1. Give region 129-138 a look and list any residue that's part of a loop (DSSP other than H, G, I, E, B), modelled with pLDDT of 95 or more and of a type outside the set (Val, Ile, Thr), or say none.
2. What number of residues within region 130-155 are out of contact with any His (no Cβ under 7 Å at 6 or more places or on another chain) and either exposed (fewer than 15 other Cβ atoms within 10 Å of the Cβ) or among the basic types (Lys, Arg) (or both)?
3. Please specify each residue of region 62-114 satisfying the condition of being at pLDDT 85 or above, in a strand (DSSP E or B) and either among the polar types (S, T, N, Q) or surrounded by fewer than 16 Cβ atoms within 10 Å (Cβ to Cβ) (or both).
4. So which residues in region 144-175 are touching a residue at least 24 places away in the same chain (Cβ under 8 Å) and assigned to a loop (DSSP other than H, G, I, E, B)?
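The values are calculated or read from the model by the stated rules, or taken from the named source; none is laboratory data. Just so it is clear, the structure is predicted and the values come from calculations on it, not from any experiment. Every residue, glycine as well, gets a Cβ built from its backbone with ideal geometry; the counts of neighbours run over all protein chains shown.
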Amino acid sequence: MKLLMAIFWVLLSLQVGSDINFEPKQLSREIKRISGSQTPIAKEIMAYKTGKFFTYTNANPVSFSYVGRVFTCRTEGCKASDDNVNANGSEYFDYFILFDRSGKILSLQIYSFEATHGQEITLKSWLNQFVGYNGKNTLTVGKEIDAISGATTSVHRLTDDVIDKTRKLQEILHQ
């Protein structure tokens, strides 16, 4: 019986948090709030690293979104330096960015936070620092982006990810 229970818990732990929800309710609500449209239509543009880009019709001024996952280190630490971090060695959070047609950020939200530290980055007041960013300038933690004591890794990982995804969207728009 103990062996059966151990196998059950191992299988359960492998399933929890493994899939990204690319259509969270928060995303739909935020698009409707910004655009006033009750019928926005999404179409996937491309998968990129740990997420996907989408384009929208009937959702002006929202034209694009990125929905993805950011891995951060556990309390014990890790050597996470890129997007290919194994989920078994890291914690993570899922988030989305809404962009206008020029690739400027309209909104950013974290909709699933599966980490033990750094929850302060989920605050709307902190996330609003990214609104207006278009990938053309630098975002430096401690300068343009407020640092948060106790959330250092999460702040840096999210900031780096937002820069990367915004610049990737700019590449897509200027092809």
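1. Within region 129-138, the first condition is being part of a loop (DSSP other than H, G, I, E, B), and the residues that meet it are 131-138.
Within this subset, residues satisfying the condition of being modelled with pLDDT of 95 or more are 131-135.
If the condition is that a residue be part of a loop (DSSP other than H, G, I, E, B), modelled with pLDDT of 95 or more and of a type outside the set (Val, Ile, Thr), then GLY132, TYR133, ASN134, GLY135 are the ones that fit.
2. So the count comes out to 12.
3. Of all residues in region 62-114, those at pLDDT 85 or above come to 62-72, 91-114.
Okay, now just the ones that are also in a strand (DSSP E or B), so 64-72, 91-99, 105-114.
Hits for region 62-114 are SER65, THR72, SER107, GLN109, SER112, GLU114.
4. If the condition is that a residue be touching a residue at least 24 places away in the same chain (Cβ under 8 Å) and assigned to a loop (DSSP other than H, G, I, E, B), then ILE148, GLY150, ALA151 are the ones that fit.
Residue-by-condition table, conditions (1) of a type in the set (Val, Ile, Thr); (2) out of contact with any Ser or Thr (no Cβ under 6 Å at 6 or more places or on another chain):
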site	(1), (2)
ASN134	no, yes
SER149	no, yes
SER154	no, no
ILE163	yes, yes
ARG167	no, yes
GLN175	no, yes
